[in-house]
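Laboratory data are not the source of any read-out in this text; all were calculated from the coordinates shown. All figures in this text were calculated on a predicted structure; none of them were measured in a lab. Neighbour counts are summed over all protein chains in view; Cβ atoms, including those assigned to glycine, are modelled from backbone coordinates with ideal geometry.
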Amino acid sequence: MVTAIAKAYDVVSLEDIEPGPEHDGRVPLNIRRHFGIQGFGVRANRSVGDGHVVGEHDEVGLGASGQEELYLVLSGKATFKVDGEPIYATAGTMVFVRDPAAKRSAVAKEEGTTILAIGGTPGKAYELSVGEAMHDMWDPYRAENFEGALEALQPVLEERPEALVLFNVACMEARLGRADDAISHLQQAIEDDDRIHEHIRSDSDLDSLRDDPRFGALTA
Amino acid sequence: MATTTEKAYVVARLDELEPAPLLAPGATDDGRQRFDIRRRFGITSFGTNAYRAPSDVDVIREHDETLLGEAGQEELYIVLNGTATFEIDGDAVEAPAGSLVLVQPTAKRKATAKDDGTTILAIGGTPGKAYEPAPEEAAEAFKAYNEGDYETAAAKQLVVVEKRPNDAVAYFNAACFEARAGQADEAIEHLQRAVELNDRVKELIRTDEDLDSIREDPRFDVLTK
């Protein structure tokens, strides 16, 4: 029976969490989304072969929120690299990356290496990363249902009119042939964070706009 | 060598962490260990501890996360080793290694180890609220309390109270240490402040034996009604 009251608890085995799509040698297991956790970020990644079980990233890039991250190797073996320094890690090793600007990654040494990642921003209430907030756009996007993807972005745009959201909205509009709306959202995206330029230069979703004289002005 | 530059990262192994001291003086040593991962790493944006216990011992002691009615943490428990039986609001949940158990703040929960060395990682945060790590002096105060050095405990807790002037439990703890140290006036004053901040502190005041030395004080009664 469905009730209005959230259940006092919820249990799942890590094995039973629906994995996200494989990318760059790993599958994400989004524990936070599975439970609807709102107080902190938590996910696991499982390697496919000896792939990047943690993709190289920092927490200060476009759309990042300056998180500190705690990694815990749950099973398998991996070599982390933090700011270029290698860290050999087996099940039970914890790596806490305090500095959001530190580049970090981990390469699995065993098939199925699983690493838990927990994150939060000091002094700030937990908020979904903007990338994750846009999660619902990807299924329709992959099915080339750009109208559906745009619809999924609408509530995110209203709540968080940030560069990456504005950019994705513009991409969908460009795909739908709505050049005026797309250009206007790209302008707003640049105003919010001009690091969006590199995406504008290279993303093929915007190809329909590239001959528009207003587009040249955006990337100049 | 100590430096002023913090390293970008810290590495440790779960099986090599020092267990935190037991909290109450005279607490029974039942073999349960707590590992304060948050403090070990200096994490400030979420809470995280690990617990380990021999079989039949409570690896997570019964509690909820709404102390004194305040909005509490969501807690995620991850069974890393062994098997535990959770009891949550009266439901029994069998949780072997690899189980994830999310518990809402109001639910009463505990977990009993079924195997020796059952280890559980706990992660917590409050939706919509920035995580507030306890000041370092709070841990130092409890350490001194644990060693029976109540004056040091009270002095350390005064720093905590200064840093968290709206924290009813911090005042309550200061009063407990002061009562143990024979500082009745300070203890009464801090209990008054705690009650002003949250009337439900009275629930704690009524029963905590740390306060026994001041129960006969004429100023005490009003703090429990």
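Out of A:10, A:16, which single residue is more than 8 Å from every other protein chain (Cβ to nearest Cβ) and charged (D, E, K, R)?
A:16
Every residue in the range B:170-212 that is aliphatic (A, V, I, L, M) and not in a helix (DSSP H, G or I), please.
Within the range B:170-212, the first condition is being aliphatic (A, V, I, L, M), and the residues that meet it are B:170, B:174-175, B:179, B:181, B:184, B:187-188, B:191, B:194-195, B:197, B:201, B:204-205, B:211.
B:181 - this is the single residue of the range B:170-212 that is aliphatic (A, V, I, L, M) and not in a helix (DSSP H, G or I).
List pairs: first residue in the range B:36-57 and at the interface with chain A (Cβ under 9 Å from one of its Cβ atoms) and touching a residue at least 24 places away in the same chain (Cβ under 8 Å), second residue acidic (Asp, Glu) and assigned to a strand (DSSP E or B) anywhere in the structure, Cβ distance under 7 angstrom, at least six positions apart or on different chains.
B:43/A:68; B:45/A:68
Would you please name the residue that is farthest from the chain's Cα centre (by Cα), looking only at residues in the range B:150-173 that are closer than 16 Å to residue B:132 by Cβ and among the small types (Gly, Ala, Ser)?
Top of the filtered list is B:168.
Just to be sure I understand, how many residues within the range B:30-71 are small (Gly, Ala, Ser) and surrounded by fewer than 18 Cβ atoms within 10 Å (Cβ to Cβ)?
Result for the range B:30-71: 5.
Filtering the range B:58-82 down to residues that are in contact with a strand residue (DSSP E or B) (Cβ under 6 Å, 6 or more places away or on another chain) and within 12 Å of chain A (Cβ to nearest Cβ), which residue is farthest from residue B:112 (Cα to Cα)?
Step by step, filter the range B:58-82, then rank; the result is B:73.
Taking the range A:120-131 only, how many residues are crowded, with 16+ Cβ neighbours inside 10 Å and more than 27 Å from residue A:154 (Cβ to Cβ)?
2
What number of residues in the range A:132-146 are surrounded by fewer than 19 Cβ atoms within 10 Å (Cβ to Cβ) and out of contact with any Lys or Arg (no Cβ under 9 Å at 6 or more places or on another chain)?
7
Can you name every residue in the range A:71-89 that is surrounded by fewer than 22 Cβ atoms within 10 Å (Cβ to Cβ) and under 24 Å from residue A:32 (Cα atoms)?
Listed by number, the residues that qualify are A:74, A:75, A:76, A:77.
Considering (1) within 20 Å of the chain's Cα centre (by Cα); (2) of a type in the set (D, E, K, R); (3) away from chain B (no Cβ under 12 Å), say which one residue A:50 fails and leave the rest.
Of (1) within 20 Å of the chain's Cα centre (by Cα); (2) of a type in the set (D, E, K, R); (3) away from chain B (no Cβ under 12 Å), only one is false for residue A:50: (1).
For residue B:130, state whether it is within 12 Å of another protein chain (Cβ to nearest Cβ), at negative phi and surrounded by fewer than 20 Cβ atoms within 10 Å (Cβ to Cβ). Give the derivation first.
Working: within 12 Å of another protein chain (Cβ to nearest Cβ): yes; at negative phi: yes; surrounded by fewer than 20 Cβ atoms within 10 Å (Cβ to Cβ): yes.
When the stated conditions are applied, residue B:130 passes them.
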